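Encoded as structure tokens, the structure appears first; notes follow it.
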Amino acid sequence: MRSEGGLDGRVALVTGGARGIGAAVVAAFVADGAKVVVADVLDPEGKQLAHDLGSAASYVHLDVSDPEQWRTAMDEAERTFGPVTVLVNNAGIVEFASIEASTDDSFRRVLDIDLVGAFYGMRAVLPAMRGAGGGVVVNVSSTAGLTGYAGIAGYVAAKWGLRGLTKAAALEFAVDGIRVCSVHPGPIRTPMTEGMGEESVAGQPIERFGEPEEVASMVLFIAADATFSTGTEFVVDGGATAGVATVL
Ligand code: NAD
């Protein structure tokens with residue numbers, strides 16, 4: 001079910017919006033009538049996307065791991081379109097290394113971007129949403145926030161943390177009319193997974209990579225239509241976490 005203009009006139013900010021899942025969310029939101037701020041560290045790609053989408057989109061440079069840049073980005077979003085009432089914390093990185101081989105810096109960097117960045121975002125957007133009488137936050141976690149994966153421990157820790165942070169925020173923000181939900185994609189075809197082959201999805205009930213648009217339609221549904229859901233997990237994984245398929 002697609003929303004019919006449920007975001008009409010709303011102002012959204014999408015982190016990591018320049019490419020991959022974030023860019024698909026930006027396009028889906030604009031098509032639904034929202035004004036969208038694309039926030040990323042990839043300036044040329046982000047500016048190009050905003051330009052291609054016309055007057056309903058703009059670009060702001062935002063490293064989500066820097067709280068000062070969050071303040072600047074919120075100010076700029078408000079100056080451009082008005083108060084942000086939809087925030088999608090989508091920016092993320094993954095580091096492939098065993099726990100033994102992980103460096104202090106690389107482990108912390110994943111947490112800083114994938115988890116702490118979303119915390120900064122929710123804290124920064126709260127005054128605007130409260131002032132506007134409500135809002136929605138969608139945190140893009142992962143199936144790595146539902147189960148473990150070897151070789152990406154920092155990512156798993158960050159994505160489980162983001163799932164927990166979502167629930168804590170949902171409880172705190174409800175009084176202000178703000179819903180907070182998490183999305184848990186499985187393997188999706190984006191630059192993040194470009195090194196992964198088809199063997200990664202072998203045995204999955206829907207045996208293929210998902211497309212960014214398939215995650216974007218879930219994010220749009222949460223933002224526009226899921227008006228009785230908060231603190232909730234929405235899984236978009238081709239059945240990857242449904243269980244173990246044993247031959248009887
Ligand atoms: P991607 O690498 O294509 O896009 C990630 C975006 O985040 C990029 O535009 C990047 O520039 C941006 N980004 C990185 N660090 C940033 C920072 N410090 N500040 C602001 N922006 C930053 O990857 P994607 O697959 O589109 O991933 C989007 C989100 O979905 C991530 O949170 C990722 O963990 C999650 N996810 C992806 C998959 C998958 O299979 N692709 C699966 C589950 C979850």
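The values are calculated or read from the model by the stated rules, or taken from the named source; none is laboratory data. Bear in mind that the values here come from a model prediction, so they are computed numbers and not experimental data. A quick note on method: Cβ atoms are made from the backbone with ideal geometry, for glycine too, and the neighbour counts reach across all protein chains shown.
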TODO: Report, by residue number, each residue of region 22-42 that is touching a strand residue (DSSP E or B) at 6+ places or on another chain (Cβ under 6 Å) and not basic (Lys, Arg).
DONE: 22, 25, 26, 29, 30, 34, 36, 37, 38, 39
Task: For residue 94: the one exception among (1) touching a residue at least 60 places away in the same chain (Cβ under 8 Å); (2) hydrophobic (A, V, I, L, M, F, W, C); (3) buried (at least 21 other Cβ atoms within 10 Å of the Cβ) - done: (3)
Open item on the list: Quick check on residue 116: is it under 15 Å from the mean Cα position of the chain (by Cα), over 18 Å from residue 166 (Cα atoms) and either not polar (S, T, N, Q) or not in a loop (DSSP other than H, G, I, E, B) (or both)?
Closed with: no
- [ ] For region 194-248, name all the residues that are assigned to a loop (DSSP other than H, G, I, E, B), surrounded by 12 or more Cβ atoms within 10 Å (Cβ to Cβ) and aliphatic (A, V, I, L, M).
- [x] 196, 206, 226, 240, 242
Open item on the list: Pull out all pairs, ordered by first then second residue, where Cβ-Cβ is under 9 Å, the residues are six or more apart or on different chains, the first lies in region 30-53 and is over 13 Å from residue 19 (Cα atoms), and the second is at pLDDT below 95 and of a type outside the set (Gly, Ala, Ser).
Closed with: 32/2; 32/4
Open item on the list: Any residue at all in region 205-226 that's among the hydrophobic types (A, V, I, L, M, F, W, C), within 14 Å of the ligand (Cβ to nearest atom) and touching a His at 6+ places or on another chain (Cβ under 7 Å)?
Closed with: no
Task: Criterion: of a type outside the set (A, V, I, L, M, F, W, C) and away from the ligand (no atom under 15 Å from the Cβ) - qualifying residue of 151, 239, 195, 164 - done: 164
Task: Single unsatisfied condition, residue 107 versus (1) without any contact (Cβ under 8 Å) to a residue 12 or more places away in the chain; (2) under 19 Å from residue 66 (Cβ atoms) - done: (1)
Open item on the list: Tell me yes or no: at least one residue of region 142-156 is within 30 Å of residue 242 (Cα to Cα), of a type in the set (Phe, Trp, Tyr) and surrounded by 19 or more Cβ atoms within 10 Å (Cβ to Cβ).
Closed with: yes
- [ ] Those residues that are within 19 Å of the chain's Cα centre (by Cα) and more than 15 Å from residue 183 (Cα to Cα), I need them from region 218-248; list them, please.
- [x] 227
Open item on the list: Looking at the structure I just gave you, is residue 40 among the acidic types (Asp, Glu), within 9 Å of the ligand (Cβ to nearest atom) and within 18 Å of the chain's Cα centre (by Cα)?
Closed with: yes
TODO: Return yes or no: is residue 107 of a type outside the set (Val, Ile, Thr), farther than 28 Å from residue 153 by Cα and surrounded by fewer than 23 Cβ atoms within 10 Å (Cβ to Cβ)?
DONE: no
- [ ] Identify the single condition in (1) within 13 Å of the ligand (Cβ to nearest atom); (2) surrounded by fewer than 18 Cβ atoms within 10 Å (Cβ to Cβ) that residue 6 does not satisfy, given that it satisfies every other one.
- [x] (1)
